[in-house]
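Enquirer: One structure coming up, written as structure tokens, with questions to follow.
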Amino acid sequence: MLMHIIKKIIKFFKYTLIYISIYLVLDVFIFYITPNKVKSKIYNKRAHKIHSKYYHHDLRPHAVFYDNWGNEKNLIYSNDLGFKYSNNLKSNFKKKNVLFLGDSLVEGVGVKYEDTFVGQIEEIYKDKPIAFFNGSLQSYSNGIYLAKVYDLVIRKKYQFDEIFIFFTANDVHDDFFRYKEVDNNYVLNHDDKKNIILLNFINFVKGNTFIYQIAAELSPPRAGINKIKDAISYIFSEKKIKENHTTNKIIKPKVSENVIKNLTSRKDYEFLYNEEKLEEWGLKAINKSLSHLERLLKLGRENNIKITLVYPYEAPFLLKKLNEKIFNKFIEYFKNLTKKYNSEFILLNNYYTKFNNDKNAYEELFFMGDVHWNKNGHLRVFQEMNSKVKFY
């Protein structure tokens, strides 16, 4: 009796595996013959956030997809390096090559590549023998910058003459709470690190099947409800925009007390406001980030690459006054590190100063309720970077 049940179970799993394999092959084939214009519209953006063997996650090379951010919907491209770009063609290295690395702030979520500050820098130097690359991506941190630079420069042998590392308080938090150490082989250890064969299989399924796009759209469970809400909000916001155009009114969003509370009570910024949190975990997190960045500066020096650390003044600081003593000490740690390696440190803190007050600066430069620069914010950052750095 028991053997009979076991045989039935084995038979069930055998046929289930066969049916799944047949379905997967058909799914891949149908997806393959689907026109790219159609696929770019149905891709879930997570399909192009792929696992990396060396530094947790990356952007799929030659990707083309629509990215929704609030009420913004932009067509996104990545080049052959998996960097966001104005198209999905092969990257063009020149006499001088400059790499920007940061998290979603520098990636430029919510805006077209051409409107990001990196895209604008590239535009004004397009006739010069200098190439710019934006290797930034959402949820990156200092440990990932270290592991990714090593992979690009040492393993893949790409020649970068200058690298700008944009780090934030969120990066320091993620270094400590989200990611593990970068080992002696410059591999970022992480909990979902997988066998390379399984990793490549998962990445393939994410980018080449309809089933993944459907599953990603429906997960987590409440995602469907939220997407309906977002769609309704988008429709009404579009209606308001059209009404405002017909009446020649331009209505700018105003920051609410709820937005202020949400942005200034985030855990990733608390160590810069609260001395108890600084002592509890902030100093340990800072030291871990400093360790990653010191190894990165050493790597740059050994390979004749100029590395500049950049800290951009962040959105929550415009809505709630910082503990200046903590913040100044925080900045000093990173300044001293760059001095030790004869490198440079840039504090991006002028782009918001030409407004009536800090709250008004936030409304003009950031997506409402968000910590990311909008199109105008990227323009201001471009202007400040271009005034502080001589790229060529």
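Enquirer: Those residues that are over 26 Å from SER219 (Cβ atoms) and touching a helix residue (DSSP H, G or I) at 6+ places or on another chain (Cβ under 8 Å), I need them from segment 47-80; list them, please.
Expert: TYR54
Enquirer: So, one more: From the list PHE117, PHE93, which one is among the hydrophobic types (A, V, I, L, M, F, W, C), open to solvent by 50 Å² or more (accessible area, probe 1.4 Å) and in contact (Cβ under 8 Å) with a residue 60 or more places away in the chain?
Expert: Sole residue among the options that is among the hydrophobic types (A, V, I, L, M, F, W, C), open to solvent by 50 Å² or more (accessible area, probe 1.4 Å) and in contact (Cβ under 8 Å) with a residue 60 or more places away in the chain: PHE93.
Enquirer: A follow-up question, please. Name the single residue, out of those in segment 152-178 being assigned to a loop (DSSP other than H, G, I, E, B) and open to solvent by less than 10 Å² (accessible area, probe 1.4 Å), that is nearest to ASP80 (Cα to Cα).
Expert: Just the residues of segment 152-178 that are assigned to a loop (DSSP other than H, G, I, E, B), to begin with: 156-161, 167-168, 178.
Checking the rest, the ones that are also open to solvent by less than 10 Å² (accessible area, probe 1.4 Å) come to 160, 167-168.
Working: PHE160: 16, PHE167: 25, THR168: 27 Å.
Across segment 152-178, the extreme among qualifying residues is PHE160.
Enquirer: Moving on to the next point. Looking at segment 125-151, which of its residues are touching a residue at least 12 places away in the same chain (Cβ under 8 Å), surrounded by fewer than 23 Cβ atoms within 10 Å (Cβ to Cβ) and charged (D, E, K, R)?
Expert: Within segment 125-151, LYS128, ASP151 qualify.
Enquirer: Take the residues in segment 367-392 that are open to solvent by 80 Å² or more (accessible area, probe 1.4 Å) and part of a helix (DSSP H, G or I); name whichever of them is nearest to PRO253 (Cα to Cα).
Expert: So the residue we want is LYS375.
Enquirer: Could you please find all residues in segment 300-317 being open to solvent by less than 10 Å² (accessible area, probe 1.4 Å) and more than 22 Å from VAL389 (Cα to Cα)?
Expert: ALA315, PRO316, PHE317 - these are the residues of segment 300-317 that are open to solvent by less than 10 Å² (accessible area, probe 1.4 Å) and more than 22 Å from VAL389 (Cα to Cα).
Enquirer: Sticking with this structure for a sec: Inspect segment 345-366 for any residue being within 26 Å of LEU146 (Cβ to Cβ) and open to solvent by 80 Å² or more (accessible area, probe 1.4 Å) and give the result as yes or no.
Expert: Initially, segment 345-366 is screened for residues within 26 Å of LEU146 (Cβ to Cβ), giving 345-349.
From what's left, open to solvent by 80 Å² or more (accessible area, probe 1.4 Å): none.
There is no residue in segment 345-366 that is within 26 Å of LEU146 (Cβ to Cβ) and open to solvent by 80 Å² or more (accessible area, probe 1.4 Å).
Enquirer: Do we have any residue at all in segment 115-125 that's under 18 Å from PHE367 (Cβ atoms) and either charged (D, E, K, R) or modelled with pLDDT under 95 (or both)?
Expert: Yes, the conditions are met somewhere in segment 115-125.
Enquirer: Here's a follow-up. Go through segment 333-357 and report how many residues are in a helix (DSSP H, G or I) and either more than 30 Å from ASN287 (Cβ to Cβ) or among the β-branched types (Val, Ile, Thr) (or both).
Expert: Of the residues in segment 333-357, 1 are in a helix (DSSP H, G or I) and either more than 30 Å from ASN287 (Cβ to Cβ) or among the β-branched types (Val, Ile, Thr) (or both).
Enquirer: What are the pairs with Cβ atoms under 8 angstrom where one residue, in segment 12-32, is within 23 Å of GLN213 (Cβ to Cβ) and the other, located anywhere, is open to solvent by less than 100 Å² (accessible area, probe 1.4 Å) and of a type in the set (Ser, Thr, Tyr)? Sequence gap at least six, or different chains.
Expert: LEU24/THR209; ASP27/THR209; VAL28/THR209; PHE31/THR209
Enquirer: Only one residue in TYR32, TYR85 is under 30 Å from VAL172 (Cα atoms) and either open to solvent by 80 Å² or more (accessible area, probe 1.4 Å) or under 19 Å from the mean Cα position of the chain (by Cα) (or both), so which one is that?
Expert: TYR85
Enquirer: Additional query: Restricting to strands (runs of 3 or more DSSP E) lying wholly in segment 63-116: which have 3 or more residues that are touching a Ser or Thr at 6+ places or on another chain (Cβ under 8 Å)?
Expert: Output list reads 64-69.
Enquirer: Another one. Count, please, the residues in segment 267-280 that happen to be surrounded by 15 or more Cβ atoms within 10 Å (Cβ to Cβ) and either within 24 Å of the chain's Cα centre (by Cα) or not in a helix (DSSP H, G or I) (or both).
Expert: The number of residues fulfilling the criteria is 6.
The values are calculated or read from the model by the stated rules, or taken from the named source; none is laboratory data. Note that the structure is predicted; figures quoted are calculated from it, not measured. Note that each Cβ is placed from the backbone with ideal geometry, even for glycine, and that neighbours are counted across all protein chains shown. Side chains included, ligands, DNA and RNA excluded: accessible areas come from the protein's heavy atoms. Shrake-Rupley method; radii C 1.70, N 1.55, O 1.52, S 1.80 Å.
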